[in-house]
Amino acid sequence: MAIVETEALVLRTYNFGEADKIVVCLTQSAGLIRAVARGCRKLKSKFGASLEPFTLIRLHYYEKENRELVSLRQTEILKSHFNLASDASVVNGLAYLGDLLIEFSPPHQANDLLFRMSTACLDAISKHPEDLQSVLRYFEVWILKIEGFMPDLKRCGECHRAFTSDEAVYMGSDLGLRCGSCSDGRGGTMSKRLHAHIRTTEKLSPEKFAEDAREVPTKTKRELAELTHQMIGRVLERLPRVRPTFVQ
Ligand SMILES: [Zn+2]
C-alpha cells in the first residue's frame, strides 16, 4: 500500500455508508481521484472543514493496487474560499467548473497545467467574484484546449495559413477553424472581435483576461459563451458516459 502526498482541489463530496464521505478532488500529482474519508461525518472528525468544495488542501492518501477508490489519511487546509459560499451565483459557477473537471479529466492522470489553471481561475474568482462569467469562459476555453478539443486558433485547419487579424474565420461542424477559401462558405463565421477575444486567453492569466473582458462588448462575450457551450456539448457527446462504480 503506497502513501501519496499531494495538493488538491476538493470538487465534490457525497455521503457514503454511515459516517463516511466520498471526496472527488483534482490532485496535482495524480489528477482526478475519488477518495473515501472515513468518519468524516462524525462530530469530531480529523478532517474538519478541509473537505468543503473548492478548498485547496494538502492531502495524504493510501493507494491500493487495482482500486479506483483511495483512502484519505490526513488533510490540511492551504486555502479556503469560505468568502464565496454566501454568493449563490458564484457557488453555482464553481459547481459548474467542478462538473467540467469531473467530466473532462480522466481519473488518475496527472496534469500539472490543468491543476495550475484551475487553481488560478479559483483565485481570480475569489478576488473578483463579479468577474465570475469571464473566468468561467477562460476556464472552458482552457479545459477544451488542455484535453485536446480546441482547434488551432492561429491558423487555418486545412491550408495551415496563419489567420490575419481582419479576415473572417469559419467554424465547421467538426469544430475546426478554416479560412474563407478552404471553408468554401460552409460553417458559421466567427466574428473578428470574438476571434480576438478568444485568443487573449492564450496570452493572459484568468485574472487579467477577466479584467480585459470588462472592456469587451456584451455581444462578443455572449458569442464566446455560445461557442464554448456548443463545443462542450459536442465534446461531451463523444466522451464515454460510463463512470466506474465504487465497489468496497
Ligand atoms: Zn485555409
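The values are calculated or read from the model by the stated rules, or taken from the named source; none is laboratory data. Quick caveat, the model's predicted, so the values are computed rather than measured. Here the Cβ is made from the backbone with ideal geometry for all residues, glycine too, and neighbour counts use every protein chain on show. For accessibility, only protein heavy atoms count, side chains too; no ligands or nucleic acids. Shrake-Rupley method; radii C 1.70, N 1.55, O 1.52, S 1.80 Å.
Here are the numbers:
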quantity	calculated
Cα-based convex hull volume of the range 37-161 per residue, rounded to whole Å³	139
Area of Glu226 that stays accessible when all protein chains are in place (1.4 Å probe, Å², to 10)	120
Per residue, the convex hull volume that the Cα atoms of the chain enclose (Å³)	133
Value of relative contact order over the chain, rounded to a whole percent, pairs C-alpha under 8 Å and six or more apart	14
Size of charge dipole - the range 1-96 - debye, nearest 20, with Cβ of Lys, Arg +1 and Asp, Glu -1, no other charges	300
Relative contact order, percent, the range 90-163 [alpha-carbon distance under 8 Å, six or more residues apart]	30
Accessible carbon and sulfur surface of the chain relative to its total accessible area, %, 1.4 Å	49
Estimated distance in nm for a label pair at Glu52 and Arg238, the labels positioned 7 Å out from Cα along Cα-to-Cβ	3.9
Size of electric dipole in the chain: Cβ of Lys, Arg +1 and of Asp, Glu -1, about Cα centre, debye, nearest 20	360
Label-to-label distance, nm, for residues given as Arg67 and Ser181 (7 Å Cα→Cβ offset)	6.2
Cα radius of gyration and Dmax for the range 135-221 (Å)	13.1, 38
Gained length - Lys79 relative to Arg116, 0.36 nm times residue gap less alpha-carbon distance	11.9 nm
The range 52-57 - phi-based ³J(HN,Hα) in whole Hz, Karplus 6.51/-1.76/1.60, Gly and Pro as x	5, x, 6, 8, 8, 10
From phi via Karplus (6.51, -1.76, 1.60), per-residue ³J(HN,Hα) for the range 153-165 in Hz, x at Gly/Pro	8, 8, 9, 5, x, 9, 9, 6, 6, 5, 5, 8, 6
Per residue accessible area of the chain, 1.4 Å probe, in Å²	52
The range 1-80: Rg to Rh, with Rh as the Kirkwood radius over Cα pairs	0.92
Whichever aspartates and glutamates have a C-alpha closer than 14 Å to that of Lys44, once near sequence neighbours (fewer than 8 apart) are set aside	Asp20
Phe16 long-range amide H proximity, modeled H, under 5 Å	Lys21, Ile22
Amide hydrogen neighbours beyond the local backbone of Ala110, cut-off 5 Å, H modeled	Gly31
Amide hydrogen neighbours beyond the local backbone of Leu78, cut-off 5 Å, H modeled	Leu56, Ile57, Arg58
